[in-house]
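The values are calculated or read from the model by the stated rules, or taken from the named source; none is laboratory data. On a predicted model such as this, the values are computed, not experimentally measured, just so you know. Ideal geometry is used to build each Cβ from the backbone, glycine not excepted, and the neighbour counts take in all protein chains shown. Surface areas here come from the heavy atoms of the whole protein model, side chains and all, with no ligands, DNA or RNA. Shrake-Rupley method; radii C 1.70, N 1.55, O 1.52, S 1.80 Å.
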Amino acid sequence: MSVYTIDHVSRRFGSRRRSTQALNDVTLSVKEHERWGIVGESGSGKTTLLKILAGLDSPSEGKVLFMGKCLDIRDRATLGDLRSSVQMVFQDPRSSLDPRMRVGDIISEPLRSPLVKGKVPADADARVAEVLDAVGLPADSQRLFAHEFSGGQRQRIALARALAPNPSILLADEPVSALDVSVRAHVLNLIDDLVDSMGLTLIMVTHDLAVVRHTCDHVGVLYQGTLVEAGPTAEVLNNPREEYTRTLLASTRLGHA
Ligand SMILES: Nc1ncnc2c1ncn2[C@@H]1O[C@H](COP(=O)(O)OP(=O)(O)OP(=O)(O)O)[C@@H](O)[C@H]1O
Ligand SMILES: [Mg+2]
């Protein structure tokens, strides 16, 4: 079953005269339990694609099917389905978490969303304690404020928040790139473990091909808004068909050439 069918999606920003083509005719299918890495240089459209999948933005052309149904973010019912199943972790936990909110409130916020339905546990406090434990933070973190935590800990809080409503799909936009190198591997391993244990479908944006090799079974390469290559990680990275993928590989010194 395809979780997402991305069908000839383009996204333009700006006016007709001065527009940016952030995505250009992207077609891709993501199946249940796959782990996709989306790579590409800065400005290649990675975040734009993820936002469309999260229902935070819409294509200018083309369409996205979510669980076989056309995703229309003006339609509350479809958006409700999406919010109940899909959660997103943003790139920088300093800006994505409100520093003046208590951790318990940050994590339970998605549980209180009127759009999330069905899977929400009755006892929000118990669920917060459960997900804090799952991400390796003590239960008494609930009462503290986000600004009292380090970058790595904040990204754990962001993960706990994403996992609280028991999603089946996790979207992650460069989840470790803002973190100190020493904690990156910890947070990445944590994401791996949680994706495994919760049986999640993962779509993760990264510019780091080592992260893709480590975590993702599929990879899509974006170049100036165009998906130039997509497929199983080993195939794409060991036998890149596109010049741009080879350049990416060479720049991270992981290439076989
Ligand atoms: N809301 C917006 N309004 C205007 N232009 C935008 C908007 N969002 C993105 N863009 C433009 O679309 C292009 C793709 O942006 P996007 O943020 O998707 O790139 P990215 O691959 O995530 O880059 P990075 O690696 O730097 O995060 C860029 O040229 C960007 O300036
Ligand atoms: Mg981005």
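Structure values in brief
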| quantity | calculated |
| --- | --- |
| For Glu229: the one exception among (1) over 17 Å from the mean Cα position of the chain (by Cα); (2) within 30 Å of Gly136 (Cβ to Cβ); (3) not β-branched (Val, Ile, Thr) | (2) |
| Only one of Leu222, Leu202 that is assigned to a strand (DSSP E or B) and within 16 Å of ligand 2 (Cβ to nearest atom) | Leu222 |
| Candidates Ile191, Ile203 - the one that is touching a Pro at 6+ places or on another chain (Cβ under 8 Å) and closer than 23 Å to Gln155 by Cα | Ile191 |
| Filtered residues of the range 46-68 (kept if open to solvent by 10 Å² or more (accessible area, probe 1.4 Å) and either within 11 Å of ligand 2 (Cβ to nearest atom) or among the β-branched types (Val, Ile, Thr) (or both)) | Lys46, Thr47, Thr48, Lys51 |
| Complete set of residues in the range 24-42 that are part of a strand (DSSP E or B), within 17 Å of the chain's Cα centre (by Cα) and within 11 Å of ligand 1 (Cβ to nearest atom) | Ile38, Val39 |
| Which listed residue, of Val183, Val219, Val211, is closer than 26 Å to Val131 by Cβ, open to solvent by less than 30 Å² (accessible area, probe 1.4 Å) and either in contact with a Leu (Cβ under 8 Å, 6 or more places away or on another chain) or at pLDDT below 90 (or both) | Val211 |
| Search result, residues across the range 163-178 that are open to solvent by 10 Å² or more (accessible area, probe 1.4 Å), over 12 Å from the mean Cα position of the chain (by Cα) and either of a type in the set (A, V, I, L, M) or within 12 Å of ligand 2 (Cβ to nearest atom) (or both) | Ser177, Ala178 |
